Amino acid sequence: MSEHLPPHAARTDVGRRREHNEDALLVQHPLYAVADGVGGSARGEVASNLALEVLGSHARAIGASSSADDARQALEAAVLAANGAVHDAQGADEDLRGMATTLVAVLVRAGGELVVGHVGDSRAYLISTTGVRQLTDDHSVVGELVRSGRLDEQEAAAHPHRNVITRALGPEPDVTVDAFHDHAGPGDWIVLCTDGLSGLVDDEEIGRAMLENGRLDPQAAVDRLVDQANVRGGTDNITVVAVQPVPSDVDDTLATRPLEVATAPAAGTRSSLPSADGVGVGVGTPTTSADGSPSVGDRLEGAPYHDPDGVAIRSRRLRTVIAVLLLLLLAFAGGAFVWSQSYFLLEREDGTVGVDQGFPLPWLHHPHAAGPVQADRLGQADRERIVESHRLLSEEEARRVLEGLPDRVEEDDPAAERSIERLGEGRDAPGDPATAGSRRDAPAA
Ligand code: MG
């Protein structure tokens with residue numbers, strides 16, 4: 001349609017919780033729009049797509065308006081036509097009853113002149129190096145409460161009814177459309193989005209993404225925003241359309257002052273006055289660059305690309321490493337505990353039978369108790385079962401078996417009459433070695 005399309009990018013994403021994408025977007029220069037359908041099942045999708053289809057069919061006529069005021073009236077008429085289409089479709093099809101949609105559209109005119117048409121809680125932002133300004137009022141319960149001063153922005157973000165909209169296309173045959181003028185300076189970005197973005201990514205972050213990535217790669221900026229919302233849960237469908245009405249003509253290094261975020265439309269920059277005829281009138285005010293201040297997109301050139309996905313991947317890796325280390329630590333602690341509770345009998349180098357603590361593996365046991373009985377004094381069966389099997393025993397079991405060995409020597413052995421010398425503290429307890437070795441099976445030595 002136009003040989004000189006301004007820089008722009010768009011993306012709609014189902015998010016991480018919803019099965020359907022009920023959002024829709026329109027990029028039909030000079031008209032850009034997003035819509036957020038409601039109604040559940042397929043009805044929301046029908047509403048948002050139908051509204052934008054109707055709006056798109058008016059794009060050429062709106063764009064051809066000779067004055068900004070004509071364009072505003074034409075855009076408002078197109079939004080009203082979209083409302084009529086969504087409303088009428090419900091009368092024609094029982095399955096579509098209850099569907100509705102938000103809609104925010106911006107018409108880009110020469111010289112950065114903007115015309116905005118808006119119903120619902122989808123948003124239009126104007127982003128410049130001087131700050132982020134939300135152009136649209138949220139037609140929602142919390143939006144009304146914020147404007148009346150009864151809620152602040154933080155309370156609004158956590159309000160249980162933050163998703164309840166007070167105005168939408170479809171429910172009624174008529175609707176009040178906010179339609180007004182504004183103005184973008186060189187390098188400024190217009191961002192249109194549904195609440196799937198604005199509910200999870202704040203105004204300043206939206207501004208930063210456009211300023212840091214928009215100049216070189218608008219799609220990367222939009223992708224970054226969608227990804228950021230998904231990283232934070234993707235609780236709703238996410239749709240973003242960004243357009244730079246007047247390309248930046250400043251290439252040098254720009255100021256690095258922090259973004260100022262205007263959370264409500266600045267007084268005096270425009271008015272939105274739903275009147276008897278439903279027309280809001282507004283007066284545009286230049287927002288930036290009038291004083292030659294730096295343009296959007298250049299401000300943070302050279303700054304590292306802040307990739308929310310990359311951050312997520314790095315933090316996932318870090319979590320994985322920590323989890324593995326914790327598991328190793330647990331395994332080590334568990335092994336050490338089992339080691340400290342394990343004893344077995346063995347034949348020492350001098351031929352006596354003793355008890356070692358630990359596992360019958362090299363380096364993993366140490367002497368615990370010494371006994372007076374020579375291994376070769378035991379019968380072959382006892383020797384294999386009690387001494388050479390290296391069965392793991394509790395300390396108590398091992399001690400009882402050791403103490404019972406003198407009764408098992410095949411001939412009188414004066415040495416067996418001697419008391420058992422414990423390396424640790426001595427304790428006496430009679431026991432039956434025949435049952436002692438069977439409680440815990442041990443790996444073969
Ligand atoms: Mg939504």
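Here is the figure for segment 191-223: residues that are within 16 Å of the ligand (Cβ to nearest atom), part of a loop (DSSP other than H, G, I, E, B) and free of Cβ contacts under 8 Å to residues at least 60 places away in the same chain total 3. Residues that are under 33 Å from the mean Cα position of the chain (by Cα) and in a helix (DSSP H, G or I) within segment 85-124 comprise just one, Leu96.
For segment 354-398, the set of residues classified as of a type in the set (A, V, I, L, M, F, W, C) and buried (at least 17 other Cβ atoms within 10 Å of the Cβ) consists of Val355, Phe359, Ala369, Val373, Ala375, Leu378, Ile386, Val387, Leu392, Leu393, Ala398, listed by residue number. Among the criteria (1) open to solvent by 10 Å² or more (accessible area, probe 1.4 Å); (2) away from the ligand (no atom under 16 Å from the Cβ); (3) among the acidic types (Asp, Glu), the one Asp188 does not fulfil is (1). Each residue in segment 22-68 was checked for being within 16 Å of the ligand (Cβ to nearest atom) and assigned to a loop (DSSP other than H, G, I, E, B), and 5 of them qualify.
Among the numbered conditions (1) closer than 29 Å to Asn213 by Cα; (2) more than 16 Å from the ligand (Cβ to nearest atom), the only one that Thr12 does not meet is (2). Within segment 121-160, the set of residues being basic (Lys, Arg), in contact (Cβ under 8 Å) with a residue 60 or more places away in the chain and away from the ligand (no atom under 16 Å from the Cβ) comprises Arg133, Arg147.
Listed conditions (1) more than 16 Å from the ligand (Cβ to nearest atom); (2) assigned to a strand (DSSP E or B); (3) in contact with a helix residue (DSSP H, G or I) (Cβ under 6 Å, 6 or more places away or on another chain) are all met by Ala82, apart from (2).
The values are calculated or read from the model by the stated rules, or taken from the named source; none is laboratory data. It should be emphasised that the depicted structure is a prediction, and the values quoted were computed from it without experimental measurement. Neighbour counts run over all protein chains shown; Cβ positions are idealised from the backbone, glycine included. Surface accessibility is based on the protein's heavy atoms, side chains included, excluding ligands, DNA and RNA. Shrake-Rupley method; radii C 1.70, N 1.55, O 1.52, S 1.80 Å.
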